[in-house]
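Presented below is the structure to which this report refers.
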Amino acid sequence: MKETILETLKNLNFTEYEAKAYLALLEESPLTGYAVAKNSGVPRSRIYEILDSLAIRGDILVSPGNTPQYTPVPAKELIKNRRMKAEENFELAEKSLAEFERSANDRENIWNIMGRNEILDKVKACILSAKKRILLEIWEDEFEELEPELRQAANSGVNVTIIAYGEIVCDFANVYLHYMGYEITEEYGGRWLVISGDDSEVVAGIVSLGKDSRAAWTMHVGLVMPITEVMIHDLYLMEIMEKHRELLEESFGVNLVNLRKKFSIHPDNKKHYVD
């Protein structure tokens, strides 16, 4: 009978010595550490270590004094506590594993988002989940709708850098006004939005078509890395233009228009991606 109970306690995360000490206290208590060692067969050199472990876990109680006395938590209470702890662990495991599985899948997938409002909702979620840095390429129309979330992120310590098409003014972000905002809008026939959150998540797409707007969301490193780098290179170019505009325009035309024409495959230099 006693051996069976010892095995049962081991299944409840007791070591052999802990199980023996607890059973000894169930049979008779309160007891001193010396008496527990004597009654349980636990070596005296280990008994106080074992009793401390049981007390920290809440399986026994200790009365202070020159010679501490020990008493067990009643068996029904022990089982109740173990059951509650097990349920908590199962719930935590279920939640954590589901999040891990979803995260692992997300990192391999590219998700399509349809509709301007739906795209902006996903961008808001990306903003609020960022911990370190947000890179955002955006027109003033969409900025006004995202400003509260961007301000909240900045107030929580996230570095927010915006490549702005149109007049965007804010006091919480690093704003770079694109030197060809109007021309690019004309060239592409619409507005897009690109956000990189913590260099690990990207939302990118056209947002000027109402319900027909479409974007992609991904955590796939094969897309997140190059899209983020393109945005960083835009920032490089704007810094260079700010300091050396006259020299660059002398070589490549106003707002580098000759470069844009050189690398465009469309005769009218308009891409018409939104037809």
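Using amide H atoms built 1.01 Å from N in the peptide plane, name the residues 5+ places from ARG133, or on other chains, whose amide H lies under 5 Å from its own.
Result for ARG133 returns ASN159, ASP198.
Quick check: convex hull of the Cα atoms in the range 113-167, volume per residue, rounded to a whole Å³?
76
Once label points are set 7 Å from the Cα along Cα→Cβ at both GLU49 and LEU248, what is their separation, rounded to one decimal in nm?
6.8
If you count only protein heavy atoms and use a 1.4 Å probe, how large is the accessible surface of MET225, to the nearest 10 Å²?
About 120 Å², rounded to the nearest 10.
About the Cα centre, and with charges only on the beta carbon of Lys, Arg (+1) and Asp, Glu (-1), how big is the dipole of the chain? Nearest 20 debye, please.
Charge dipole, the chain, about its Cα centre: 1360 debye, nearest 20.
Taking the alpha-carbon distance from LYS38 and a cut-off under 26 Å, which lysines remain once sequence neighbours fewer than 8 residues away in the same chain are dropped?
LYS2, LYS10, LYS20, LYS76
Can you tell me the FRET efficiency between ASN89 and ASN66 if r is taken as the Cβ-Cβ distance and R0 is 45 Å, rounded to the nearest 0.05?
Working from the Cβ atoms, E equals 0.70.
Separation between the ILE5 and GLU145 pseudo-spin-labels, each 7 Å from Cα along Cα→Cβ, expressed in nm?
Rounded to a tenth, the inter-label distance reads 6.8 nm.
Which residues' amide hydrogens lie under 5 Å from the amide hydrogen of GLN69, considering only partners 5 or more residues apart or on another chain, with H built in the peptide plane?
Under 5 Å from the amide H of GLN69 lie the amide H atoms of SER63, each far enough along the sequence or on another chain.
Could you work out how far apart the two model spin labels at ILE240 and ILE79 are, taking each label as a point 7 Å from the Cα in the direction of the beta carbon, and quote it in nm?
My value for the distance between the label points is 7.5 nm.
For the chain, what is the relative contact order in percent, using Cα pairs closer than 8 Å and at least 6 residues apart in sequence?
14
Take the Cα atoms of the range 47-181, find their three principal axes, and give me the spread along each one in whole Å, biggest first.
Its Cα atoms span 82, 36, 21 Å along the three principal axes.
When only the heavy atoms of the protein chains count and the probe is 1.4 Å, how do CYS170, CYS126 rank by accessible area, highest first?
Per-residue accessible area, sorted high to low, gives CYS170, CYS126.
Hey, if you drop one equal point scatterer on each alpha-carbon of the chain and run the Debye formula without solvent, what base-10 log of I(q)/I(0) do you get at q = 0.11, 0.13, 0.14, 0.16 Å⁻¹?
Reported log10 I(q)/I(0), two decimals: -0.71, -0.88, -0.97, -1.18.
Mind checking which lysines have their Cα closer than 20 Å to the Cα of LYS211? Skip sequence neighbours fewer than 8 apart in that chain.
LYS122, LYS124
Choose one of ASN258, ILE138, LEU12: the residue whose Cα lies farthest towards the positive end of the charge dipole of the chain (beta-carbon charges +1 Lys, Arg; -1 Asp, Glu; about the Cα centre).
Of the options given, the answer is LEU12.
How high is the FRET efficiency between ILE110 and ARG133 when r is their beta carbon distance and R₀ equals 22 Å, given to the nearest 0.05?
Approximately 0.50, to the nearest 0.05.
With a 1.4 Å probe and every protein chain left in place, tell me how much accessible area LYS95 has, in Å² to the nearest 10.
130
The values are calculated or read from the model by the stated rules, or taken from the named source; none is laboratory data. Predicted model, so just to flag it, every value in this text is computed and none were measured. Glycine also receives a Cβ, built like all others from the backbone with ideal geometry; neighbour counts cover every protein chain displayed. Heads up: the accessible areas ignore ligands, DNA and RNA and are worked out on the full protein's heavy atoms, side chains in. Shrake-Rupley method; radii C 1.70, N 1.55, O 1.52, S 1.80 Å.
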